[in-house]
Amino acid sequence: MKLHEFQAKALFAEAGLPVPRGRPATSPEDAAKAFAELGGPLAVVKAQIHAGGRGKAGGVKLVRSADEAKAVAASLLGKPLVTKQTGPGGTVVRRVLVEEGLPLDRELYAAVLLDRKLEAPILMASAQGGMEIEEVAAKDPKAIVKETIDARVGLLPFQARRMAFRLGLGKDLVNKAAAVLTGLVKVFLARDASLVEVNPLVTTKDGRVVCLDGKVTVDDNGLFRQATVNGMRDLDEEDPTERRAKDAGLSYIKLDGNIGCLVNGAGLAMATMDLVKLHGGEPANFLDVGGGATTEQVTDAFRIILEDPAVKGILVNIFGGILRCDVLAEGVVAATKAVGLKVPLVVRLEGTNVEKGREILRSSGLAIVPATDLTDAAQKIVEAVS
């Protein structure tokens with residue numbers, strides 16, 4: 001689950017981290033009022049969407065008056081902002097963040113994320129802030145420094161100071177930067193995050209270290225114990241189909257192909273998509289119904305797949321363990337009747353009660369194409385939609 005910048009900064013401020021003064025606005029008039037409340041000669045109006053690259057796309061602008069803040073907000077609100085992360089259609093801006101301008105000195109980069117090879121969180125930083133970290137890594141890998149974090153104790157004081165020194169900060173800023181880095185790690189651990197990023201983390205001419213930006217992504221598996229974060233969920237930023245699937249207890253991601261895939265188990269779902277590609281097809285989605293799917297969930301899965309107008313056929317691939325093949329077969333038959341399926345359907349079953357499941361499909365009277373194994377299933381569905 002992604003958070004907006006203003007939400008990430010609210011978590012930072014709650015943890016005692018320094019952030020600029022500011023507040024979100026949902027109308028041009030509200031943006032003008034926010035500028036006046038800040039009481040300074042300079043402010044920044046930032047589009048709030050769940051995508052990076054806002055500055056380069058014109059979504060971050062300096063303003064010097066309430067009228068200018070109002071005009072900039074009017075130019076952004078209610079309109080799509082297209083960045084390299086949104087796709088060509090962009091994302092509609094529904095709110096902006098109006099924030100005080102600061103006397104910037106240096107721009108740094110800092111992030112806390114999971115290193116899956118190390119199986120541990122890491123703190124990653126660079127003296128080249130304000131740039132995409134991928135660009136920094138490509139041009140100058142040595143510019144990125146890292147510290148491995150023990151999740152049981154957080155970032156140790158010597159690690160925080162060492163990182164601050166490696167960023168080239170003077171002795172007057174080392175302890176301030178170390179405190180900020182330590183705080184970012186605390187937010188990461190306390191909020192079940194998969195990413196906490198500040199780009200840029202700035203030093204100011206009056207001797208402060210401030211989180212000028214903020215990005216937080218929370219692991220969905222930890223949301224059950226994150227009441228505050230759950231309250232920050234922005235449904236407008238989520239794909240409606242993916243949201244429906246999540247509410248139904250399904251793992252669904254839309255893709256660009258025309259073969260809908262309904263599978264139990266994430267690994268098997270990935271393998272299924274690979275086999276479809278291998279035999280010349282294009283998967284329309286990743287959809288994992290899990291190990292304990294009910295008839296209702298299978299029906300929901302069919303409906304969600306068929307909401308995509310690009311889908312020309314469906315491949316069901318089930319390895320029955322916890323989810324028995326006969327239960328799944330009953331669900332497939334019920335779902336097919338309920339949705340009035342009009343595209344080819346190929347079903348491969350294997351595992352517990354497989355013969356009973358196949359008999360249910362055979363005796364259903366429906367145009368269901370059985371497959372003997374995964375290769376056979378992939379070949380049949382690709383042929384059916386060709």
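We did not get these values from a lab; they are worked out from the coordinates using the rules stated. This is a predicted model, so every value here is computed, not measured. Counting neighbours? That spans all protein chains shown, and the Cβs are built from the backbone with ideal geometry, glycine included.
Between helix 325-339 and the chain, what is the angle of the helix's C-alpha long axis to the longest principal axis, kept within 0 to 90° and rounded to the nearest 10?
The angle comes out at about 80 degrees.
Counting Lys and Arg as +1 and Asp and Glu as -1, what is the net charge of the other residues whose Cβ lies under 13 Å from the Cβ of ASN175?
So the environment of ASN175 carries a net charge of +4.
Label point 7 Å out from ASP172 along Cα-to-Cβ: which residues of segment 2-38 have amide N under 13 Å?
Answer for this model: none.
Arrange the following residues from fewest to most other Cβ atoms within 10 Å of their Cβ: HIS279, HIS50, HIS4. Each step should come with its number before you reach the end.
Numbers: HIS279 15, HIS50 18, HIS4 23.
Final ranking by Cβ density, sparse to dense: HIS279, HIS50, HIS4.
Excluding residues on the same chain fewer than 8 positions from LYS117, give the lysines whose Cα lies under 19 Å from its Cα.
Partners found: LYS146.
Taking segment 1-76, which trypsin sites (Lys or Arg not before Pro) meet the DSSP loop condition and have no more than 12 other C-beta atoms within 10 Å?
Numbers: sites: LYS2, LYS9, ARG21, LYS33, LYS46, ARG54, LYS56, LYS61, ARG64, LYS70; in loops: ARG21, ARG54, LYS56, ARG64.
The qualifying sites are LYS56.
Over 10 Å intervals from 0, what percent of Cα-Cα pairs in segment 2-71 sits in each interval?
20, 48, 31, 1
What's the longest piece of the chain with no exposed GluC sites (Glu not before Pro), counting a site as exposed if DSSP puts it in a loop and it has at most 16 other beta carbons within 10 Å? Numbers along the way, then the final one.
On the way: sites that count: GLU119, GLU132, GLU238, GLU307.
It works out to 1-118.
Per residue, what volume in Å³ does the convex hull of the Cα atoms of segment 245-303 enclose?
Residue-normalised Cα hull volume stands at 68 Å³.
Considering every Cα-Cα pair within segment 162-217, what fraction, in whole percent, is farther apart than 12 Å?
Considering segment 162-217, 66 percent of its Cα-Cα pairs are separated by more than 12 Å.
Using a Gaussian network model of the chain whose springs link C-alpha atoms within less than 10 Å, name the residue from LYS186, LYS356, LYS176 with the highest mean-square fluctuation.
Of LYS186, LYS356, LYS176, the most mobile in the Gaussian network model is LYS356.
Binning every alpha carbon pair distance of the chain at 20 Å from zero, what are the percents per bin?
The calculated distribution, bin by bin, is 25, 44, 27, 4.
Given that compact globular proteins tend to follow 2.2 N^0.38 Å, what is the ratio of the alpha-carbon Rg of segment 104-230 to that value?
1.03
Just to confirm the number: angle between the C-alpha axis of helix 28-38 and the first principal axis of the chain, 0 to 90 degrees, nearest 10?
40
To the nearest 10 degrees, how steeply does helix 374-385 sit against the main Cα axis of the chain, on a 0 to 90 scale?
Rounded to the nearest ten degrees, it is 90.
Taking the Cα centre of each part, how many Å lie between segment 278-329 and segment 253-270?
So the separation of the two Cα centres works out to 8 Å.
Roughly speaking, what is the stretch gain from LYS246 to ALA151, that is 0.36 nm per residue apart minus the C-alpha to C-alpha distance, in nm to one decimal?
Length gained, LYS246 through ALA151: 31.4 nm.
Could you tally the net charge around PRO344, taking each other residue with its Cβ under 13 Å from the Cβ of PRO344, Lys/Arg +1 and Asp/Glu -1?
+2
Sum -39500 (n - 2.57) across every DSSP H segment of at least 4 residues in the chain, then divide by the residue count to get the 222 nm mean residue ellipticity, nearest 500. Before the final figure, lay out the partial values.
Working: 13 runs with 142 residues, N = 386.
Value at 222 nm, helices only, nearest 500: -11000 deg cm²/dmol.
Just the Cα atoms of segment 240-385, one point each, no solvent: what log10 I(q)/I(0) does Debye give at q = 0.12, 0.13, 0.14 Å⁻¹?
Debye curve over Cα of segment 240-385, log10 I(q)/I(0) at q = 0.12, 0.13, 0.14 Å⁻¹: -0.39, -0.46, -0.54.
Through the Karplus equation 6.51 cos²θ - 1.76 cosθ + 1.60, θ set to phi - 60°, convert the phi angles of segment 138-150 into ³J(HN,Hα) values in whole Hz; use x for Gly and Pro.
6, 7, 8, x, 5, 6, 9, 10, 9, 9, 7, 10, 7
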